[in-house]
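Take a look at the structure set out below.
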Amino acid sequence: MRINPKLFTIANEAEPVDVQEFDGRKIEVFMMDPYPQVKEEFINKGKFAVWSSIDGVNYRLFIEDGYYNELKPLYSQAINKIWVDFWDTCETVSKKMSRYVILPITVVAIGGCIGFSFIEKIGIYLMIAVVVIAFVAMLFCNRLTRKKIYDANAASVELIKKSLGGTKEFDEMLERQKNYMDNYYDSLYPDEEEDFEDENTEELPTPKVEEAEVVEETSEKEVVEEAEKNE
């Protein structure tokens, strides 16, 4: 499966920090720091690890240095194999849907429109009907494809959980991931955080003693964040 093919060629003359080979496929791991433009582009998008491939056989993984050191278990050969297998599944599903569904629908729709174009009066209405039916059918197929890919992704995540030792270990790894990313952005944009705090301080006037009210909280709100990420 082709993934960020232009990114793949950037590291043609660089030495990877790790090389993983399995099932006739190869993964090379590179740090992002030697490629400031790549780092800036993807870090600003919230992506600390980016995959690339030009043929679905050879892969290159670019990772932010500190992120890699903090979350190295997430990029072991066993887990990387799970993701590569997932992409193979995505490619297979997409190709089958295009070859056996989308392409035939398109051919039939075009043929129908050409045939109905020779019918006077109601020909135009028949052509419109064919286009609408084809459009709805393609939407349904696209939705079905996305569901199959979603199911494959969920199955891959379960395999990753088992590889890490279980749900607890997986959740701990996600918590470390979140903390690292939060700390990274806090250190990257410290001035923005200070400005935000200053603005909030200016907007909230200090109440006088006689104006102060005591509010008794009678309910508690609990927010649970559940993150399940590759990438």
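A compact table of results
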| quantity | calculated |
| --- | --- |
| ³J(HN,Hα), Karplus 6.51/-1.76/1.60, whole Hz, each residue of the range 49-66, x for Gly, Pro | 9, 10, 8, 8, 6, 10, 9, x, 10, 9, 10, 10, 10, 9, 10, 5, 3, x |
| Amide H partners (placed H, <5 Å) of residue 32, local residues excluded | 63, 64, 65 |
| Which listed pairs, of 96/121; 39/81; 26/178; 95/121, have C-alpha distances above 32 Å, in listed order | 96/121; 95/121 |
| Set of the range 128-144 residues, backbone N closer than 18 Å to the point 7 Å along the Cα-Cβ line of residue 106 | 130-144 |
| Stretch gain in nm, segment residue 139-residue 54, where the contour uses 0.36 nm per residue and the Cα spacing is subtracted | 27.7 nm |
| Estimated FRET transfer efficiency when R0 is 30 angstrom, pair residue 129-residue 98 (beta carbons, to 0.05) | 0.80 |
| Accessible area, probe 1.4 Å, largest first, for residues 127, 32 | 127, 32 |
| Label-point separation in nm, residue 78 to residue 15, each point 7 Å along Cα→Cβ | 2.9 nm |
| Surface accessible to a 1.4 Å probe, per residue, for the residues of the range 17-101, Å² | 46 Å² |
| Distant-in-sequence amide H partners of residue 59 (H built 1.01 Å from N, under 5 Å) | 26, 27, 28 |
| At R0 = 25 Å, FRET efficiency that the Cβ-Cβ distance of residue 40 and residue 85 yields, to 0.05 | 0.20 |
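The values are calculated or read from the model by the stated rules, or taken from the named source; none is laboratory data. As the structure is a computational prediction, the values presented were derived from the model and not from experiment. Note: ideal-geometry Cβ built from the backbone for every residue, glycine included; neighbour counts use all protein chains shown. Quick note on the areas: whole protein, heavy atoms, side chains included, nothing else; ligands and nucleic acids left out. Shrake-Rupley method; radii C 1.70, N 1.55, O 1.52, S 1.80 Å.
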